[in-house]
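S.K.: Got a structure for you, written out below as structure tokens; questions coming shortly.
Just so it is clear, none of the values below were taken in a lab; they were calculated from the coordinates. Nothing here was measured: the structure is a model prediction, and the numbers come from that model. Heads up, the Cβs are rebuilt from the backbone with ideal geometry, glycines too, and the neighbour counts pull from every protein chain shown.
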Amino acid sequence: MPTGRSTSTTQAAQPPNESGAALFQSRQGHLAMLAFSALVSLSFSFGHIIAKDIAPAALNTVRFALAALVLFGLARILHVPVRPVFNRFWRFGLIGGLMAVYFITMFEALRMTTAVSTAAVFTLTPLMAAGCGRLIAGQRSGRWTLIALTIGAVGAVWVIFRADIGALMRFELGRGEALFAIGALGHALVPAVSRKLASDVKPLQTSLGSVLGALIVTGIYGFGDLIKTDFVAMRPAVWMVVAYLAIVTTAGTFFLVQYAAQRLPASKVMAYTYLVPSWVVLWDFVFYGTTPPALLLAGIATTLLALTMLLRGEAV
């Protein structure tokens, strides 16, 4: 009897330890995506600076090429083998291709519609990711998570439209919005596809493979613009922004998404895109002293509430 009781006690003690380890990993995933949202938001401000200096297709091809070199060098420094990247490379080509579709459709949509409209469409991404995670990776999103995602979407839309109900009511779906919805779906598929196809490799390897896949797709699409671009004549500010986009918001954020995708459900990974508009408002205040209206702060508070609910949901 004593032996059986001891064994039972030991077995009963295991789940909390396993649960604690899982909670620790999920928190790491949340921190990665918090950094992701902050870094991506800066790219909007920096990208606006060089919008007229280089064609979008050429810009994206160069950023992916530089990002691939950075990730390859980092893999060599950290002694992470790159051979697994070329083992069943089609899976990384698929992941990178999905990201390339997102970037290509975003820039094409911006030629047809406004940044506000594309950002509004992008708020659908976390809910799309929840559906993709369910269909592809068998991830179930509970009622609490879906409520939190919905609240986050409402808050993000409120920030995107600058707390202007009139602007929100004038929102119309056109060709640009429909095109970018395809790109948003591609972005939403990335966490679930990564979890399904690349769980056997390190995040750095997945990031390198995905960037190479994105480079191939974007290079084919943007070849014409690429050969027409006079890179020698570009001003230094353009190269500085391209370097930031390549190293930070491509190599860095690809790694953060892959890292988080192995620790969080797809819906929670994508939920951090809700924070991007709020970060942009913050950077406008820091860089330009632009004070947001009080009603806008309500939207920011709503997105923070949604993320708090998601964190609380880890234990539910």
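S.K.: Against the longest alpha carbon principal axis of the chain, how many degrees, from 0 to 90 and to the nearest 10, is the axis of helix 294-313 turned?
M.R.: On a 0 to 90 degree scale, this one is about 30.
S.K.: For the chain, what does the relative contact order come out to in percent, with C-alpha contacts under 8 Å and a separation of six or more?
M.R.: 39
S.K.: Which of Leu42, Gly299, Leu31 sits farthest toward the positive end of the charge dipole of the chain, with +1 on the Cβ of Lys and Arg and -1 on the Cβ of Asp and Glu?
M.R.: Leu31
S.K.: Further question: So if I average 1/r over every pair of distinct C-alpha atoms in region 70-164 and take the inverse, what Kirkwood radius in Å does that give?
M.R.: After inverting the mean inverse Cα-Cα distance, the result is 16.5 Å.
S.K.: In nm, give the distance between the simple-model label positions of Phe24 and Val238, each being 7 Å from the Cα along the Cα-to-Cβ direction.
M.R.: Label-label distance for Phe24 and Val238, simple model: 4.9 nm.
S.K.: OK, next. Quote the charge dipole size of the chain about the Cα centre in Debye, to the nearest 20; the model charges only the Cβ of Lys and Arg (+1) and of Asp and Glu (-1). Walk me through the numbers on the way to the answer.
M.R.: Values: 23 positive and 11 negative charges, 155 e Å.
Computed charge dipole of the chain: roughly 740 debye.
S.K.: Along the Cα-to-C-beta direction of Ala51, a point sits 7 Å from the Cα; which residues of region 87-118 have their amide N less than 20 Å from that point?
M.R.: Flagged as within label range: 102-118.
S.K.: Right, another one. When only DSSP loop residues count, what trypsin sites (Lys or Arg not before Pro) in region 152-214 have their Cβ near at most 15 other Cβ atoms within 10 Å?
M.R.: Of the trypsin sites (Lys or Arg not before Pro), the ones in loops of region 152-214 whose Cβ has at most 15 other Cβ atoms within 10 Å are Arg170.
S.K.: Could you point to the residue in Ala271, Gly152, Val82 farthest towards the positive end of the chain's charge dipole, with +1 and -1 charges on the Cβ of Lys/Arg and Asp/Glu respectively?
M.R.: Positive-end residue among those listed: Val82.
S.K.: List the pair-distance distribution P(r) of the chain, using every Cα-Cα distance, as the percent of pairs falling in each 10 Å bin from 0 up to the bin containing the longest distance, rounded to whole percents.
M.R.: With a bin width of 10 Å, the distribution comes to 6, 25, 33, 23, 8, 3, 1, 0, 0.
S.K.: Nearest 10 degrees, 0 to 90: what angle lies between the long axis of helix 2-49 and the longest principal axis of the chain (Cα atoms)?
M.R.: It works out to around 10 degrees.
S.K.: Rank Leu204, Leu296, Leu245 by mean-square fluctuation in a GNM of the chain with C-alpha springs under 10 angstrom and give only the top-ranked residue.
M.R.: Leu296
S.K.: Quick one: Karplus J couplings for region 143-156, per residue in order, coefficients 6.51, -1.76, 1.60, θ = phi - 60°, nearest Hz, x for Gly and Pro?
M.R.: Each residue of region 143-156 in turn: 4, 4, 5, 5, 5, 4, 5, 5, 4, x, 5, 4, x, 5 Hz.
S.K.: If you don't mind, another one. Taking θ as phi - 60°, what are the ³J(HN,Hα) couplings along region 87-97 by the Karplus curve (6.51, -1.76, 1.60), each to the nearest whole Hz, with x for Gly and Pro?
M.R.: The phi angles translate into 8, 6, 4, 3, 5, 6, x, 5, 4, x, x Hz.
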